[in-house]
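**Q** Would you mind keeping the following structure in view while I ask a few things?
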Amino acid sequence: MTPSTAVKPRAADAAGPGLTLDVSLPKDMDPGVAESIRPRIERALQLLVLAEQPAVIEDADRIAELLSGKIEPSTGLVEARLARLKTIRAILEDGEWLTAEELNALQPNPPAQKSQPASDWKRRGRVFSVSHGGRDYYPRYGFDEAFQPLPVIRDVLKAFGEMADTWKIAAWFQFPNGWISKPGTGGEEPVAPKDALDQREALLRAVAARQGSYMA
């Protein structure tokens, strides 16, 4: 019979017994060794549950290293990942995001290839997209009433330069920026770049001020 060990992943403040999971181990494994790796398996499962999805550790090699005790993600890494997921949710929930197929259907003469013209626009630096759930999404604010790319988006993307993580660009557009303002009840108030796309020069100044800093 193949030995197995039961692990019970649960939150530290959970009441009552946690979920029990039977894990099969090699039949020739010493029972003492099997028992010694129980805490590592529990820790791995707790980290995956904490992050709400397995993407916190993205490949099998890292999971194997984690279970063998060679590495263990710090709480800072997990917290940063959770903060990133929270930001992504906020961005996606506030505003309209379009797939390449939807943009294709909104064209006067839709190309036969559903990924067009969005993929060509992105390749030429006229638009940007973010990836979520295995799909690319384009911000509605980046297009005019006829669903053509706004020229200012191209100018801003050129000012940003190469950016591997386009969620940083999306976050920059999404949240109020101190370098862009409008009159308010208490004086000048910061404005999100996506709400100031008619202020090209102010947007470019804001990008220039941002360079070298993660925050806008």
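Every number in this text was worked out from the coordinates using simple rules, so none of it is lab data. Because the structure is predicted, anything quoted here is derived from the model rather than measured. We place every Cβ from the backbone using ideal geometry, glycine too, and count neighbours over all the protein chains shown.
**Q** Could you compute Rg(Cα) / (2.2 N^0.38 Å) for region 127-185, with N its residue count?
**A** 1.26
**Q** Just the Cα atoms of region 93-210: what Rg and Dmax do they give in Å?
**A** 14.9, 52
**Q** Can you tell me, using C-alpha contacts under 8 Å and at least 6 residues apart, the relative contact order of region 93-210 as a whole percent?
**A** 19
**Q** Could the peptides 168-181, 121-134 be put in order, highest first, of the mean number of other beta-carbon atoms found within 10 Å of their residues?
**A** 168-181, 121-134
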